[in-house]
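Heads up, the thing below is written out as structure tokens.
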Amino acid sequence: MKISIFGLGYVGVVSAACLARDGHDVLGVDTNTTKVAMINDGLSPIVEPGLSDLIADGRRNQRLAATADAASAIDGAQVSFVCIQTPSAANGSLDLRFVVRVAEEIGTALREKSDFHVVVFRSTMLPTTMEHMVMPMLEARSGKKAGVDFGVAYHPEFLREGTAIKDYSQPPRTVIGATDERSAELVASLYAGIDAPLVKCSVRTAELVKYADNAFHALKVAFGNEIGAICRSTEVDSQELMRIFCLDTKLNLSPTYLKPGYAFGGSCLPKDLRALTYLARSLDIQAPVLEAALSSNAVHKQRALSLVTAHGKKTIGILGLSFKDGTDDLRESPTVELVEQLVGKGYKVRIYDPNVTLTQLMGENKAYIDRELPHIASLLVDDLGHLLANSEIVVAATKSRQYAEAVKQLRPDQILIDLVRVCEDRNAFGDRYHALVG
Ligand SMILES: NC(=O)c1ccc[n+]([C@@H]2O[C@H](COP(=O)([O-])OP(=O)(O)OC[C@H]3O[C@@H](n4cnc5c(N)ncnc54)[C@H](O)[C@@H]3O)[C@@H](O)[C@H]2O)c1
């Protein structure tokens, strides 16, 4: 394929060299004429293991060249990758000046082109940047319609400097968010020889994936370092501890706990986080990430309360009281707190939870609920149908198949607040459906 690559920095030059290696005709474009000259001289403008050889090979077999002329790079290619910088502005926001300039240049060049061309952005940009800024600019300058007259895709890059060529060839997955199937297929075909899951998704999902990745990576480093600092003060070998930690691929390094929904609770997570952060404080160790998990959870619980109270309706039916389905453990259940606040504000609350039988609660669990919700007996009901029929708002607070079926019976005048993604078809409820997460 004939490919042009805008931006010959750490991402662009690696993509250019690897695509040339894989047999494509690649033309790099950069406003920096020194970089352009270096590529044309067969030299790498950056330090990256293995890259100099790939660039020299690309020049030798005439698969790789560079230019400063954007128009010719659009005209002579079927697809263009955009890998220009998206730095931070002084206030932390994203500085999109370079993106604006390149979109204007590419849009102007597209006006002159009759063949179908696909513009693929790889620069890291916040969700909706493509739809609200880049695509309108390309359309305005070209006088053509994105997704119809030319294709647009957002295709995040996952390489790491220092191992970039290996990462290019063995990515964790390939993510393509395109305006149309033809463009998605064309980008996907570039990776035919690469063994990695291929994901086609919306443009804005592809944009946000990259931020979720990097936020999680940063969180992992900060978490590991805080645990390491606690290890130092308690004379524990942090490397051994984290090696043991990483052996748990069921709960620790796994999709578990990574399904956005409601707040955490139960008898362990809040208690143990409090104890660990107390230990850190008593050792004079600052652990803001560990501390923040509890405050983040409190904010999420507050969001749930606001979601319920936003509608001016007073009769609330709650599905599930324990902290998760399949248990009668009420200790630190976020729903117990929610009910307590609603009752305190004068709402008429009814709760259905077949796992919770008051006469069978005992020990700490019973003491907790007697303390937090002494009037619970008057709120719990056995008849799910009656609760559904007589609630203006129904709140699904634990995930169960029974509740998924039950909410299907709701009338058009009733509101569903789904805290745990119990509902499979959210669209069926239209604007009566509300959730804490997207
Ligand atoms: N560096 C990484 O490891 C990495 C990994 C994944 C994603 N990213 C993202 O990829 C993007 C590029 O990062 P980078 O580190 O390669 O940037 P970089 O600063 O190394 O390179 C950007 C290049 O774009 C050129 N450029 C700017 N405007 C141009 C224009 N109008 N036409 C042609 N060239 C132009 C610049 O001269 C520069 O050479 C950023 O959004 C970054 O966040 C970077």
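The values are calculated or read from the model by the stated rules, or taken from the named source; none is laboratory data. Since the structure is predicted, the reported quantities are computational estimates derived from the model, not experimental observations. Cβ sites come from the backbone with ideal geometry, for glycine too, and all protein chains shown count toward neighbours. In case anyone asks, the SASA skips ligands and DNA or RNA and just uses the protein heavy atoms, side chains included. Shrake-Rupley method; radii C 1.70, N 1.55, O 1.52, S 1.80 Å.
Things to note:
- Selected residue [acidic (Asp, Glu) and open to solvent by 30 Å² or more (accessible area, probe 1.4 Å)] from 418, 353, 413: 413
- Listed conditions (1) open to solvent by less than 10 Å² (accessible area, probe 1.4 Å); (2) more than 12 Å from the ligand (Cβ to nearest atom) are all met by residue 4, apart from (2).
- Some residue of segment 13-27 being away from the ligand (no atom under 16 Å from the Cβ) and aliphatic (A, V, I, L, M): yes
- Against the list (1) over 20 Å from residue 303 (Cβ atoms); (2) loosely packed, with under 15 Cβ neighbours inside 10 Å; (3) out of contact with any Asp or Glu (no Cβ under 9 Å at 6 or more places or on another chain); (4) in contact (Cβ under 8 Å) with a residue 12 or more places away in the chain, the condition residue 388 fails is (2).
- All positions within segment 303-327 that are in a helix (DSSP H, G or I), β-branched (Val, Ile, Thr) and closer than 12 Å to residue 419 by Cβ: 308
- Only a single item in (1) in a loop (DSSP other than H, G, I, E, B); (2) without any contact (Cβ under 8 Å) to a residue 60 or more places away in the chain; (3) in contact with a Phe, Trp or Tyr (Cβ under 9 Å, 6 or more places away or on another chain) is not met by residue 411, and it is number (3).
- Helices (runs of 4 or more DSSP H) contained in segment 152-241 and holding at least 2 residues closer than 18 Å to residue 127 by Cα and hydroxyl-bearing (Ser, Thr, Tyr): 203-233
- None of 305, 321 is without any contact (Cβ under 8 Å) to a residue 60 or more places away in the chain and either buried (at least 20 other Cβ atoms within 10 Å of the Cβ) or closer than 20 Å to residue 435 by Cβ (or both) except 305.
- Checking 330, 294, 276 one by one, the residue that is among the aliphatic types (A, V, I, L, M) and in a loop (DSSP other than H, G, I, E, B) is 330 and no other.
- Number of the exception - residue 208 against (1) under 30 Å from residue 184 (Cα atoms); (2) free of Cβ contacts under 8 Å to residues at least 60 places away in the same chain: (2)
- Summed over segment 15-38, the residues that are of a type in the set (Ser, Thr, Tyr) and open to solvent by less than 50 Å² (accessible area, probe 1.4 Å) give a count of 1.
For every residue, the table says whether it meets (1) surrounded by fewer than 19 Cβ atoms within 10 Å (Cβ to Cβ); (2) within 19 Å of the chain's Cα centre (by Cα); (3) of a type in the set (S, T, N, Q); (4) in the same structural domain as residue 82 (by TED's automatic domain parsing).
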residue: 143; (1), (2), (3), (4): yes, no, no, yes
residue: 151; (1), (2), (3), (4): no, no, no, yes
residue: 157; (1), (2), (3), (4): no, yes, no, yes
residue: 170; (1), (2), (3), (4): yes, no, yes, yes
residue: 184; (1), (2), (3), (4): no, no, no, yes
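- Any hit, segment 231-240, residues being in contact with a strand residue (DSSP E or B) (Cβ under 6 Å, 6 or more places away or on another chain) and open to solvent by less than 80 Å² (accessible area, probe 1.4 Å): no
- The set of residues from segment 190-212 being open to solvent by 60 Å² or more (accessible area, probe 1.4 Å) and farther than 22 Å from residue 129 by Cα comprises 192, 193, 195, 197, 198.
- Listed by position, the helices (runs of 4 or more DSSP H) inside segment 39-136 whose residues that are within 14 Å of the ligand (Cβ to nearest atom) and surrounded by 15 or more Cβ atoms within 10 Å (Cβ to Cβ) number at least 3 are 70-75, 97-111.
- Yes/no for residue 203 being at negative phi and in contact with a helix residue (DSSP H, G or I) (Cβ under 7 Å, 6 or more places away or on another chain): yes
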